[in-house]
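Remarks on the structure that follows.
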Amino acid sequence: MNALMSSDAIDHAAPVSSTATGATPRLPAVEVLSAEKVFANGTRALAPIDLTIADGEFLTLIGPSGCGKSTLLKMIANLLQPSDGRLLWWRGDFSQVGQEGRRFAFVFQEPTLMPWARVDTNVRLPLDLADMPRSGAEPLVADALARVGLSAFARHYPRQLSGGMKMRVSIARALATQPNLLLMDEPFGALDEFTRNKLDDDLVRLWWERKLTTVFVTHSIYEAVFLSTRIVVLAAHPGRIFRTMTIDEPQPRGESFRDSPRFAAYCRELSTWLAEASLPAATGGKT
Ligand SMILES: Nc1ncnc2c1ncn2[C@@H]1O[C@H](COP(=O)(O)OP(=O)(O)O)[C@@H](O)[C@H]1O
Ligand SMILES: [Mg+2]
């Protein structure tokens, strides 16, 4: 990973420029430059979006259904092309991402495991697809399973696991590829709140250990506040950035943050913003 990421992890919201104290500038991981999306059927999913995601940031997209969260995430993943504007990754275009050995990993709401294959085989899949020799892949698989607390389940089959454990396997599969950018689209949306909180705790720890740049989509205000260094609230029709909120709190976060009055205050404010963003006449607010 980039050496710049080892600098302080607090001011994630300050994207590119040096700070007043002359600290090392943070490289932008992703720059969305007036990127918009009109689908072939004429649906204008996103008005021009400008957004810079700093290396090491945990950025969450939240907003009403249909406001373009998944569309924006897929553009960031280069799975969808903007109909106008462009994106840069680490200051280069997409072809340079591979040349420089950088990798993206995508985690969806469904864990999409192969039911006939053991947990370790599922986690190894992207490495097998990349033709990595077993001797190189196996330590990465073991490490990824350890990180999500599933070492003891390597030889189990998906049907033997709970929903939360299957999602951990899906996260391990993403981590095994040693991504530089982790993209997650409502990964815990189908889980009960207790399990979701547990996975959120683990995700904060995983992110903190590696400062792995993460873009996360959720419907949950609590999850957004707990996890994120910055939250982008989108409004719909067309999808656009409504407001952004920086959550500048000590890391790694845990139960004490969830129980704090500050957490409750962030949640209240975000809830108000979401209600405003959901109004038909919502106009772009302050950022
Ligand atoms: N492939 C597509 N073709 C046409 N319209 C689409 C397509 N994908 C998404 N949309 C539309 O674009 C808008 C944004 O969708 P989406 O990004 O999935 O929103 P969200 O993830 O915030 O719920 C919605 O109006 C949706 O119906
Ligand atoms: Mg979506």
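The values are calculated or read from the model by the stated rules, or taken from the named source; none is laboratory data. Predicted, not measured: the structure shown is a model, and the values here were computed from it. Positions of Cβ are generated from backbone atoms using ideal geometry, with glycine treated the same way; all protein chains shown enter the neighbour counts. We work out accessible area using only protein heavy atoms, side chains counted, and drop any ligands, DNA or RNA first. Shrake-Rupley method; radii C 1.70, N 1.55, O 1.52, S 1.80 Å.
Quick look at the values:
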| read-out | value |
| --- | --- |
| For segment 178-275, the fraction of alpha-carbon pairs in successive 10 Å shells from zero, as % | 14, 48, 33, 5 |
| Accessible heavy-atom area order of S95, S228, highest first, probe of 1.4 Å | S95, S228 |
| Phi to ³J(HN,Hα) by Karplus 6.51 cos²θ - 1.76 cosθ + 1.60 over segment 118-127, Hz, x for Gly, Pro | 5, 3, 5, 5, 4, 5, 6, 3, x, 6 |
| Angle between the chain longest axis and helix 163-176 axis [Cα atoms, degrees, rounded to 10] | 90 degrees |
| Segment 135-287, relative contact order [Cα under 8 Å, separation at least 6], % | 18 percent |
| Cβ-based net charge around T213, under 11 Å, with every Lys or Arg adding one and every Asp or Glu removing one | +2 |
| Which of L113, L182 is most accessible, then next, and so on - probe 1.4 Å | L113, L182 |
| Rounded percent of accessible protein surface that carbon and sulfur make up, the chain, 1.4 Å probe | 54 percent |
| Rounded to 5, percent antiparallel among DSSP beta bridges of the chain | 50 percent |
| Over the chain, relative contact order from alpha-carbon pairs under 8 Å, at least 6 apart, % | 23 percent |
| Projected area, mean over directions - segment 111-179, Cα convex hull, nm² | 4.1 nm² |
| Longest exposed-site-free window of the chain, the sites being trypsin sites (Lys or Arg not before Pro) in a DSSP loop that have at most 13 other C-beta atoms within 10 Å | 156-285 |
| Residue-level accessible surface for Y222, protein heavy atoms, 1.4 Å, Å² | 140 Å² |
| Built amide H within the under 5 Å cut-off of G239, gap 5+ | L46, A47 |
| Calculated [θ] (222 nm, deg cm²/dmol) that DSSP helices of n ≥ 4 give over the chain, each run adding -39,500 (n - 2.57) | -10500 deg cm²/dmol |
| Solvent-accessible area per residue, Å², over the chain with all protein chains present [probe radius 1.4 Å] | 45 Å² |
| Probe 1.4 Å, all protein chains present, accessible-area order of H237, H156, H219, largest first | H237, H219, H156 |
| The chain, Cα convex hull volume normalised per residue, Å³ | 143 Å³ |
| Percent RCO, i.e. relative contact order, over segment 41-108, from Cα pairs under 8 Å lying at least 6 residues apart | 23 percent |
